[in-house]
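Q: Here's a structure for you.
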Amino acid sequence: MQVQIHAGWVPGIIGYTASAHARYYAREWGFGPVFEAKVASGMAVFIQRYDARHDLLLWAEIDGEMVGTITIDGSDPDLPEGQAHLRWFIVSDTARGLGVGRLLFEAALTHLSVAGFTSCYLTTFAGLDPARRLYESAGFALRDEQEGESWGTRVVEQLFVLELGNR
């Protein structure tokens, strides 16, 4: 079983990413249709303005099956100059524990440096401890934490920021 990492759009990636997020977060956290729609619509907007100089869309494959995604959104016009947004990071149940997440994450971090970003942020929520350990091991620091419902379910939302000069 060999993991292959690919970059760029491929037919079905929006559907895969939305479905993988929706299934996992519904099962584990009770998230509903608001969350799935938010992932799908956000990815659709991102894909339409995708700029390979700033953005990165990675997907992992094992034996011809997509098993994970991660995105660096660096072309969002609402972002300050030099800042990127790490988004849509998910690994399928069948590939968890195989190092797929770390491969995707490390490739995304490399892109941040190569593309010249000075910082990157991600939003998540309390309770995703393995992911938090991965983020913190790379230098992401918790900057804000508060209760919210931006994903359609009340959770303690968290903002992590990576200052690339600290890596």
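Q: What is the fewest-to-most order of Y50, Y16 by other Cβ atoms lying within 10 Å of their Cβ? Please report the intermediate quantities before stating the final value.
A: Working: Y50 16, Y16 20.
Final ranking by Cβ density, sparse to dense: Y50, Y16.
Q: Could you tell me the relative contact order of the range 5-50? Use alpha-carbon pairs under 8 Å, at least six residues apart, and round to a whole percent. If you can, show how the numbers build up before the last one.
A: Numbers: 21 pairs, mean separation 18.7, N = 46.
Relative contact order of the range 5-50: 41 percent.
Q: In whole Å, largest first, what are the principal axis extents of the Cα atoms in the chain?
A: 37, 36, 31 Å, listed from the longest principal axis down.
Q: Describe numerically, in nm with one decimal, the distance between label points set 7 Å from Cα along Cα→Cβ at V34 and at E106.
A: Taking the simple label geometry, V34 and E106 are separated by 3.8 nm.
Q: Is it possible to state the helix-based mean residue ellipticity at 222 nm for the chain, with each DSSP H run of 4+ residues giving -39500 (n - 2.57), the sum divided by total residues, to the nearest 500 deg cm²/dmol? What is it?
A: Numbers: 4 runs with 57 residues, N = 167.
Estimated from H runs of four or more residues: -11000 deg cm²/dmol.
Q: Would you mind classifying the range 39-110 by shape? Square roots of the alpha carbon gyration tensor eigenvalues, ordered a ≥ b ≥ c; an a/c under 1.5 is rounded, otherwise it is prolate if a/b is larger than b/c and oblate if not.
A: Working: a/c = 2.46, a/b = 1.80, b/c = 1.37.
In terms of gyration-tensor shape, prolate.
Q: Also, I was wondering about something else. Can you tell me the length gained on complete extension of the stretch R23 to V3, counting 0.36 nm per residue apart and subtracting the Cα distance?
A: Working: separation 20, 0.36 × 20 = 7.20 nm, distance 2.21 nm.
Net length gain for the segment: 5.0 nm.
Q: Using the beta-carbon distance between V114 and D78 and R0 = 25 Å, what value does 1/(1 + (r/R0)^6) give for FRET efficiency, to the nearest 0.05?
A: Working: r = 23 Å, r/R0 = 0.91.
In this case the efficiency is close to 0.65.
Q: Moving to a separate point now. Show me the ranking of peptides 5-11, 112-118 by mean Cβ neighbours inside 10 Å, starting with the highest.
A: Numbers: 5-11: 11.7, 112-118: 14.4.
Highest to lowest by the protection proxy: 112-118, 5-11.
Q: When D129, D76 are ordered from fewest to most other Cβ atoms inside 10 Å of their Cβ, what list results?
A: So the residues, fewest neighbours to most, are D129, D76.
Q: Rounded, prolate or oblate for the range 105-167? Axes are the square roots of the Cα gyration tensor eigenvalues, ordered a ≥ b ≥ c, and the cut-off for rounded is a/c under 1.5.
A: Values: a/c = 2.29, a/b = 2.04, b/c = 1.12.
It comes out prolate by the Cα gyration axes.
Q: Please state the relative contact order of the chain as a whole percent: Cα pairs under 8 Å, 6+ residues apart? The partial results should precede the final answer.
A: Values: 266 pairs, mean separation 34.3, N = 167.
Computed over the chain, the figure is 21 percent.
Bear in mind these aren't lab numbers, they're just calculated from the coordinates by the rules spelled out. All values derive from a computational prediction rather than experimental measurement. Because the Cβ atoms are built from the backbone with ideal geometry, glycine has one as well, and the counts that use them run over all protein chains shown.
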